[in-house]
Structure formats: structure tokens, C-alpha cells
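Colleague: Can you read through this structure? Questions will come right after.
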Amino acid sequence: MKRILVTGGCGFIGSNFIRHELATYPELSIINLDKLTYAGNPENLADLANDPALAARYEFARGDICDREFLTGLLQPGGIDAVVHFAAESHVDRSILDSGPFVQTNIVGTQVLLDCCRQAGISRYVQVSTDEVYGSLGDDGKFTEETPLAPNSPYSASKTAADLLVRAYFHTFGFPAVTTRCSNNYGPYQFPEKLIPLFISNASQDQPLPVYGTGLNVRDWIHVLDHCRGIDAALRRGTPGEVYNFGGDCELTNLDLTYSLLEALGKPKTLIKYVADRPGHDHRYAIDATKAKRELDWEPQVTFREGLKQTVEWYQANTDWIARIKSGEYLSYYERQYGARL
Ligand code: NAD
Ligand code: DAU
């Protein structure tokens, strides 16, 4: 595999994935296709420019996965060996306020991308999906790849629709797609609308931490680099047509997670503010990753204790990164770097 296209590489997981791939495979070059929505921040990969050996193998292309003409130009037959598809609207709360962009990017965008990849004869495609397609668990059990799809939010419904398109393209056309479904990621470069970076940022400034409902909803946390290693394993060793679950074997209530964050930051529990629950709030997610461990030779490597410590330290060391997002200044980075307007 010499040249891959990554979609959504200026977001949280995509940027971590690109850095990981370039560092791991010295022969690999990557094109990052990103629309630069509010969640896309090219600053997330600015450090690549400091290393000429990495920078020479990285290219950024600003564009929308819904733009068929643009994608056709990018995906010339024989030019790209594989596609890893991260680009999505990813925040559940935003999908509750307006599902339109979720249907457009997550469903229509995936369909357009699949068509263009097929036309270009792409030999491997990874659909980066989520455990939220399985819906919500009670207090027992875990999601396996056989768990029926039962999405509950507009976000997860749009991701499920995309997964079904991928499934259908494999069955109908023999399209060489692999699907991954992962639990909640944490780590550096996560947009501060999601629980962990939002709470670190708020607590650091002695601002309240808005815990939804009772705070007893459970998420299964995994370090972003363990997810990236899983996607890489699926890309290189996954069987076309198969789905692989990834999770960190680390279930926590939101309240317990919040206590851990406050302890790491040396801040008091009095910062916790209970607020109205998220409508349709999924009670519990938990992943059974036996298949990925068995078939892809994958294991999570980062313990939650160490991963959370490193993550808190990263946000503490990168307060400018958060400040530029909060002020909106990050939106002009592309303009300054590439001399073009957003
Ligand atoms: P993110 O919101 O941080 O990044 C999304 C990226 O996609 C941004 O750079 C954005 O600019 C880009 N994008 C959005 N619409 C686009 C379009 N129409 N064309 C091109 N680019 C577009 O998301 P993330 O948290 O990094 O998640 C990445 C993927 O992983 C998503 O598909 C998400 O569903 C999936 N996932 C996320 C998690 C998690 O915990 N964050 C867990 C499992 C799966
Ligand atoms: O499970 C994988 C999914 O994890 C991904 O597919 C999504 O893209 C990603 O955003 C994430 O979804 P969640 O909704 O689980 O993540 P979020 O960080 O938004 O919320 C985590 C939990 O914390 C959830 O139970 C809601 C709660 N929460 C969240 C926020 C932002 C709060 O209590 N207060 C908050 O302010």
C-alpha cells in the first residue's frame, strides 16, 4: 500500500490516524480530503511541517465528499490504493438540533464516495463507523458484530444508513469494504464540544461541568491511538465485507469519569452542574472486541489511567489550541497557511 486517501483528516480521529500512519510506514503517502467544517482544524496536523520527511508524504485537499466532480478528479484510476473514510458530522447534540447536515454528509456523502471509489477501482476501503449504530444496552451484555442495528439519534441513524450502503455495495458489486465500529474515543485534538475536552477546558477555568440527567449513563472509553491501530489493522488485514468492533474494555458512568477528570485537574466536585438530559440519551454502550482481537491480532495498549493522565496533560499544555477554537481564530488557519478563503 503506497498511497491512501483519508477523508475527514482534519478532525479528531482522522488527524491522529494520519500522524500515526505517516510515522509507522515510511513508504506511505497520504492525501487528506476535508471540507473544513467547524470541526475540521488543519492546525491539528500543523506539526507535520516541522519534519520534512513527513511533510513530503502529506497532501491536503479541501473538498466536500458530496461533490462528485471533485472526488472523481481526486480518485483517478490507479492513483490511490485505499480509502479510509472518517469524514462525518459526529456530534449527537448537534444532530438533535438539526439533522440536515448529518443526512447530507454521513449518508449522501458516503454514497457519492462509494460510487467514486468504485469507478476508480479502489482496492480497499474502510468505513469508520461507531458503536452507536447498535443503539443502547441495559445494565448487562455487550455489543457484538451480530447485535441488530437499532440507532436512536439522528447522528447514529445517519451512520447506520451509511453502514448499510457500504454493506450493499459489498454484496451487490463486490466492493472491497471493511467496516469498523468503535466506542467513545479520548485523546489529543478532540473538539471541545465532546465531554472530555469540554470538561477539562471548563474545569481548568473553574467553569461548571454540565452533566446531563443523572450522570449515570455509561460509555466504554478507548484511547484514540488504540482506535487508530485498529483501523490500520482493518485496512491491512481485514476481510472485505466484514465488520470489526473496537473498544477499550473501560466502562465508566459519566459521573465517575467526571470525578476522575476533576481529581486529575485538582478541582472540586462542586463544579459539577446537573442539567437537563439529552433527548433520547442512550443509557449504556459496551463493546465486545473479541473478533478484532482474534482476526486482526489487535489489542488496546493504552490503560485508561495512563491515557487519561496523558490526555489531561496534553490539554493543559495546549491551552492555546483550545483558546483559538473558542475564539474562532482557528477558522482562519487555512487561509493563512494556504492563502485561500474558507
Ligand atoms: P470530528 O467531528 O472531529 O471530525 C470530522 C471531520 O470530517 C472534520 O475534519 C470535518 O471537517 C470533516 N467533514 C465533515 N463533513 C465533511 C464533508 N462533507 N466532506 C469532507 N469532510 C467533512 O469527528 P471524529 O470524532 O474525528 O470522528 C471521525 C469518524 O469516526 C466519524 O465518522 C465518527 O462517526 C467516527 N467515530 C467517532 C468516535 C468518537 O468517539 N469520536 C467513535 C467511533 C467512531
Ligand atoms: O460511541 C461512539 C460515539 O462517541 C461517536 O460515534 C460520536 O461521534 C462521539 O461524539 C461520541 O458520542 P457521545 O454522545 O457518547 O459523546 P459525548 O462526548 O457527546 O458524550 C459522552 C457522554 O457524556 C454522553 O452520555 C453524554 C454526556 N455528556 C456530554 C456532554 C457534551 C454530558 O453529560 N454533558 C456534556 O456536556
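The values are calculated or read from the model by the stated rules, or taken from the named source; none is laboratory data. Keep in mind that this is a model prediction, so the values were computed, not measured. Positions of Cβ are backbone-derived with ideal geometry, glycine not excepted, and every protein chain shown enters the neighbour counts.
Colleague: Within segment 55-79, track down each residue that is crowded, with 19+ Cβ neighbours inside 10 Å and either within 16 Å of ligand 2 (Cβ to nearest atom) or modelled with pLDDT under 95 (or both).
Modeller: Selection gives nothing.
Colleague: While we're on this one: Does residue 214 satisfy the condition of being more than 9 Å from ligand 2 (Cβ to nearest atom), out of contact with any Cys (no Cβ under 6 Å at 6 or more places or on another chain), assigned to a loop (DSSP other than H, G, I, E, B) and among the hydroxyl-bearing types (Ser, Thr, Tyr)? Talk me through it step by step, then tell me what you get.
Modeller: Working: more than 9 Å from ligand 2 (Cβ to nearest atom): yes; out of contact with any Cys (no Cβ under 6 Å at 6 or more places or on another chain): yes; assigned to a loop (DSSP other than H, G, I, E, B): yes; among the hydroxyl-bearing types (Ser, Thr, Tyr): yes.
In short, yes.
Here is a yes/no grid of residues against (1) in contact (Cβ under 8 Å) with a residue 24 or more places away in the chain; (2) out of contact with any His (no Cβ under 8 Å at 6 or more places or on another chain); (3) assigned to a strand (DSSP E or B):
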residue	(1), (2), (3)
227	yes, yes, no
239	yes, yes, no
273	yes, yes, yes
293	no, yes, no
298	yes, yes, no
314	yes, yes, no
320	no, yes, no
333	yes, yes, no
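Colleague: Please name all residue pairs, on different chains or six or more residues apart, with Cβ atoms under 8 Å, provided the first residue is in segment 163-176 and is at positive phi and the second residue is aliphatic (A, V, I, L, M) and assigned to a helix (DSSP H, G or I).
Modeller: Final answer for the pair search is none.
Colleague: How many residues does segment 184-228 hold that are acidic (Asp, Glu) and more than 15 Å from ligand 1 (Cβ to nearest atom)?
Modeller: Pass one, segment 184-228, residues acidic (Asp, Glu): 193, 206, 220, 226.
Cutting the leftovers down to more than 15 Å from ligand 1 (Cβ to nearest atom) gives us 206.
Of the residues in that region, 1 qualify.
Colleague: What is the number of the single condition among (1) more than 15 Å from ligand 2 (Cβ to nearest atom); (2) surrounded by fewer than 24 Cβ atoms within 10 Å (Cβ to Cβ) that residue 113 does not meet?
Modeller: If we test residue 113 against (1) more than 15 Å from ligand 2 (Cβ to nearest atom); (2) surrounded by fewer than 24 Cβ atoms within 10 Å (Cβ to Cβ), just (2) comes out false.
Colleague: Just checking, which of 307, 280 is touching a His at 6+ places or on another chain (Cβ under 6 Å) and in contact (Cβ under 8 Å) with a residue 40 or more places away in the chain? Write out each step before concluding.
Modeller: Numbers: 280 fails: touching a His at 6+ places or on another chain (Cβ under 6 Å).
Going through 307, 280 in turn, just one is touching a His at 6+ places or on another chain (Cβ under 6 Å) and in contact (Cβ under 8 Å) with a residue 40 or more places away in the chain: 307.
Colleague: Among the residues of segment 236-250, which ones are charged (D, E, K, R) and under 18 Å from residue 311 (Cβ atoms)?
Modeller: From segment 236-250, those charged (D, E, K, R) are 236-237, 242, 249; that's our starting set.
Passing the criteria: only 249.
Colleague: Could you say which residue among 87, 82 is under 20 Å from residue 192 (Cα atoms) and either surrounded by 17 or more Cβ atoms within 10 Å (Cβ to Cβ) or more than 7 Å from ligand 1 (Cβ to nearest atom) (or both)? Give the derivation first.
Modeller: Details: 82 fails: under 20 Å from residue 192 (Cα atoms).
The conditions single out 87.
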